[in-house]
Amino acid sequence: NVSGTSDLAPLSEQAAMIKELFPEAKKVGILFCSSEANSVYQVEEIEKYLAALSVSTERFSFTDTNDVASVAQKAADSCDVIYIPTDNTAASNTEAIANVVIPAKTPVVAGEEGICAGCGVATLSISYYDIGYATGEMAVEILKNGADVSKMPVQYAPQVTKKYNAAICQQLGIEAPEGYVAI
């Protein structure tokens, strides 16, 4: 009997962005911490969307910060592109990931802007202002209008922005398509 807001950018749009940026990619490595339930959920979902776009995936999971670099290296060695969901452990290890993927010339598409800023080439970014506003509207419905929270659907950011990391794109020789905004 809970509801609220989520900062998850639409996974279907993230998969489409991977295909848009890297139309020749045959295999996407998904790099994530297996002990984060939110990451496992995102991995399962994005695999479905990528499969629908005829892109194969392979999971590359790590359990803690000690094996991030070695797992990232395995992903970079065997995949055309790496996808990293919104993952706290990956977010705190973007430098270690960048130290692997940039020399390997393997682009990373990230599930959120912070990871993209550290080691990625592109992401779908959400506005935390918009999410906060939606949360406030939900609170008004509950507190002022008597809405039943158990019947309220979880709200997501109403819009996303395609963003790219100009420095890493330059290092990898990737030109962001029109409509992408530099981080």
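Okay, here's what the table says:
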| read-out | value |
| --- | --- |
| When residues of region 41-52 are limited to those that are surrounded by 15 or more Cβ atoms within 10 Å (Cβ to Cβ) and over 13 Å from the mean Cα position of the chain (by Cα), the one nearest to Cys79 (Cα to Cα) | Leu50 |
| Residue match in region 125-142 (condition: farther than 24 Å from Ala16 by Cα, touching a helix residue (DSSP H, G or I) at 6+ places or on another chain (Cβ under 8 Å), open to solvent by 50 Å² or more (accessible area, probe 1.4 Å) and of a type in the set (A, V, I, L, M, F, W, C)) | yes |
| Residue match in region 21-33 (condition: within 21 Å of Thr161 (Cβ to Cβ) and either assigned to a helix (DSSP H, G or I) or in contact with a Phe, Trp or Tyr (Cβ under 9 Å, 6 or more places away or on another chain) (or both)) | yes |
| Among the candidates Asp87, Asp7, residue that is closer than 21 Å to Tyr180 by Cα, acidic (Asp, Glu), in contact with a Phe, Trp or Tyr (Cβ under 9 Å, 6 or more places away or on another chain) and touching a residue at least 12 places away in the same chain (Cβ under 8 Å) | Asp7 |
| Conditions (1) open to solvent by 70 Å² or more (accessible area, probe 1.4 Å); (2) touching a strand residue (DSSP E or B) at 6+ places or on another chain (Cβ under 8 Å); (3) touching a residue at least 40 places away in the same chain (Cβ under 8 Å); number of the one not met by Arg59 | (3) |
| Single residue of Ala72, Ala98 found to be touching a residue at least 40 places away in the same chain (Cβ under 8 Å), closer than 14 Å to Gly120 by Cβ and in contact with a Gly (Cβ under 7 Å, 6 or more places away or on another chain) | Ala98 |
| Selection within region 147-178 - open to solvent by less than 60 Å² (accessible area, probe 1.4 Å) and either part of a loop (DSSP other than H, G, I, E, B) or at positive phi (or both) | Ala147, Met152, Ala157, Asn165, Ile174, Ala176, Pro177 |
| Residue within region 155-169 that is modelled with pLDDT of 95 or more, touching a helix residue (DSSP H, G or I) at 6+ places or on another chain (Cβ under 8 Å) and charged (D, E, K, R) present | yes |
| Residues within region 17-40 that are open to solvent by 50 Å² or more (accessible area, probe 1.4 Å) and among the aliphatic types (A, V, I, L, M), tallied | 1 |
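The values are calculated or read from the model by the stated rules, or taken from the named source; none is laboratory data. Everything numeric here is computed off the predicted structure, so don't read it as measured data. Note that we place each Cβ from the backbone using ideal geometry, even for glycine, and neighbour counts take in every protein chain shown. Accessible surface areas use protein heavy atoms only, side chains included; no ligands, DNA or RNA. Shrake-Rupley method; radii C 1.70, N 1.55, O 1.52, S 1.80 Å.
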